[in-house]
Amino acid sequence: MWTGILLSALAMTAIIAGRYLASSGLFALVTNRVRPGYHAKLSGQIRREIAWSLASAAIYGIPAGVVAWGWQQRGWTLIYTGWNDYPLWYLPLAPFIYLLAHDSWFYWTHRWMHRPRPFRIAHAVHHASRPPTAWAAMSFHPWEALTGAVVIPALVLMVPIHVAMLGLVLLVMTVMGVTNHMGWEMFPRKLVHSALGGWLITASHHQRHHEEYRCNYGLYFRFWDRLCGTDRGLSETL
Ligand SMILES: [Zn+2]
Ligand SMILES: [Zn+2]
């Protein structure tokens, strides 16, 4: 049993590290095209971002590996594979619940990590990226990585989700994690400045968090920031 769990954790770590290198690498390449010179003079910072991110991949891999093993071997999770196992209307609702739950958890843990002590011990690592790059997507101190690593493994034990919708959640999580840090806005101005855009977090919003620290704490949605008066709007530098 323990060998199985260990192998599962190692496999998950390899998958998460590979996913990070592929996604951050791809958007870093695009950044070189779209914003030539953005990475100039940042090579030392980028090396540190990659090192912290690979350490985070190992931390994310452990709970993911344990739960993946439990899913396959013990039927622990509420991940389902048959399209009709739950009503069809629930299919698109589940990823929305996952993103909202993850966003809420992130907002409050993130705000807490901006208190002086947790900031010094953990969150300062993420803010050492000035300006952030696509490689900063998983650049977290191990304590902070741990707070992020437990979210999806905990949710699959509590909230039913089709395996394809879980893949969609992981895709959104990966793409937004990378693109929110890459230093330019990939979504059309029309969307970002629309009424809907006023509720969504993209690079223009998260960049401002990296510029001013004490605002724009959210992950996917601006709901908590707006409710708690911490939303300062979009960055003016992108
Ligand atoms: Zn960030
Ligand atoms: Zn922060």
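The values are calculated or read from the model by the stated rules, or taken from the named source; none is laboratory data. Keep in mind the model is a prediction, meaning the values are calculated, not measured. Every residue, glycine as well, gets a Cβ built from its backbone with ideal geometry; the counts of neighbours run over all protein chains shown.
Let's see how each residue does on (1) closer than 30 Å to A128 by Cβ; (2) in a helix (DSSP H, G or I); (3) out of contact with any Ser or Thr (no Cβ under 9 Å at 6 or more places or on another chain):
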| residue | (1), (2), (3) |
| --- | --- |
| A9 | yes, yes, yes |
| S24 | yes, yes, no |
| R33 | yes, yes, yes |
| Y60 | yes, yes, no |
| A68 | no, yes, no |
| W83 | no, no, yes |
| P92 | no, yes, yes |
| L100 | yes, yes, yes |
(message) Which of the numbered conditions does T109 fail, given that it passes all the others? Conditions: (1) polar (S, T, N, Q); (2) farther than 21 Å from G44 by Cβ; (3) more than 12 Å from ligand 2 (Cβ to nearest atom).
(response) (3)
(request) Of the numbered conditions (1) in contact with a His (Cβ under 7 Å, 6 or more places away or on another chain); (2) of a type in the set (F, W, Y); (3) more than 15 Å from ligand 1 (Cβ to nearest atom), Y217 fails exactly one; give the number of that condition. (result) (3)
(request) For region 180-192, state whether one or more residues are surrounded by fewer than 16 Cβ atoms within 10 Å (Cβ to Cβ) and of a type in the set (V, I, T). (result) no
(message) Looking only at region 10-37, how many residues end up being buried (at least 17 other Cβ atoms within 10 Å of the Cβ) and touching a Phe, Trp or Tyr at 6+ places or on another chain (Cβ under 8 Å)?
(response) 6
(message) Could you list, ordered by first residue, the pairs with Cβ atoms under 7 Å in which the first is in region 9-27 and over 26 Å from Y38 (Cβ atoms) and the second is among the β-branched types (V, I, T), at least 6 apart or interchain?
(response) A9/I62; A9/V66
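Does M182 qualify as being more than 12 Å from the chain's Cα centre (by Cα), modelled with pLDDT of 95 or more and assigned to a loop (DSSP other than H, G, I, E, B)? Break it down into steps so the answer makes sense when it comes.
Working: more than 12 Å from the chain's Cα centre (by Cα): yes; modelled with pLDDT of 95 or more: yes; assigned to a loop (DSSP other than H, G, I, E, B): yes.
Against the criterion (more than 12 Å from the chain's Cα centre (by Cα), modelled with pLDDT of 95 or more and assigned to a loop (DSSP other than H, G, I, E, B)), M182 qualifies.
Could you tell me whether T230 is assigned to a loop (DSSP other than H, G, I, E, B), of a type in the set (V, I, T) and either away from ligand 2 (no atom under 12 Å from the Cβ) or touching a Cys at 6+ places or on another chain (Cβ under 7 Å) (or both)? Break it down into steps so the answer makes sense when it comes.
Numbers: assigned to a loop (DSSP other than H, G, I, E, B): yes; of a type in the set (V, I, T): yes; either away from ligand 2 (no atom under 12 Å from the Cβ) or touching a Cys at 6+ places or on another chain (Cβ under 7 Å) (or both): yes.
Spelling it out, T230 is indeed assigned to a loop (DSSP other than H, G, I, E, B), of a type in the set (V, I, T) and either away from ligand 2 (no atom under 12 Å from the Cβ) or touching a Cys at 6+ places or on another chain (Cβ under 7 Å) (or both).
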(message) Tally up the residues in region 185-214 that are away from ligand 1 (no atom under 15 Å from the Cβ) and closer than 14 Å to H114 by Cβ, please.
(response) 0
(request) Return yes when G197 is within 19 Å of D103 (Cβ to Cβ), within 14 Å of ligand 2 (Cβ to nearest atom), modelled with pLDDT of 95 or more and out of contact with any Ser or Thr (no Cβ under 7 Å at 6 or more places or on another chain) and no when it is not. (result) no
(request) Find the residue count for region 193-220, including only residues that are out of contact with any Asp or Glu (no Cβ under 8 Å at 6 or more places or on another chain) and part of a loop (DSSP other than H, G, I, E, B). (result) 7
(message) Please pick out the residue among V150, V178 that is away from ligand 1 (no atom under 16 Å from the Cβ), under 21 Å from S53 (Cα atoms) and in contact (Cβ under 8 Å) with a residue 60 or more places away in the chain.
(response) V150
(request) Scan region 104-147 for residues that are in contact (Cβ under 8 Å) with a residue 60 or more places away in the chain, part of a helix (DSSP H, G or I), surrounded by fewer than 18 Cβ atoms within 10 Å (Cβ to Cβ) and within 15 Å of ligand 1 (Cβ to nearest atom) and jot them down. (result) R111, H127
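For region 54-62, does any single residue satisfy the condition of being closer than 13 Å to L166 by Cα, more than 16 Å from ligand 2 (Cβ to nearest atom) and surrounded by 13 or more Cβ atoms within 10 Å (Cβ to Cβ)? Before you say what the answer is, go through the steps one by one.
Within region 54-62, the first condition is being closer than 13 Å to L166 by Cα, and the residues that meet it are none.
No: zero hits.
Consider region 210-224. How many of its residues are of a type in the set (S, T, Y) and away from ligand 2 (no atom under 14 Å from the Cβ)? Break it down into steps so the answer makes sense when it comes.
So in region 210-224, the residues of a type in the set (S, T, Y) come out as 213, 217, 220.
Okay, now just the ones that are also away from ligand 2 (no atom under 14 Å from the Cβ), so 220.
Qualifying residue count for the region: 1.
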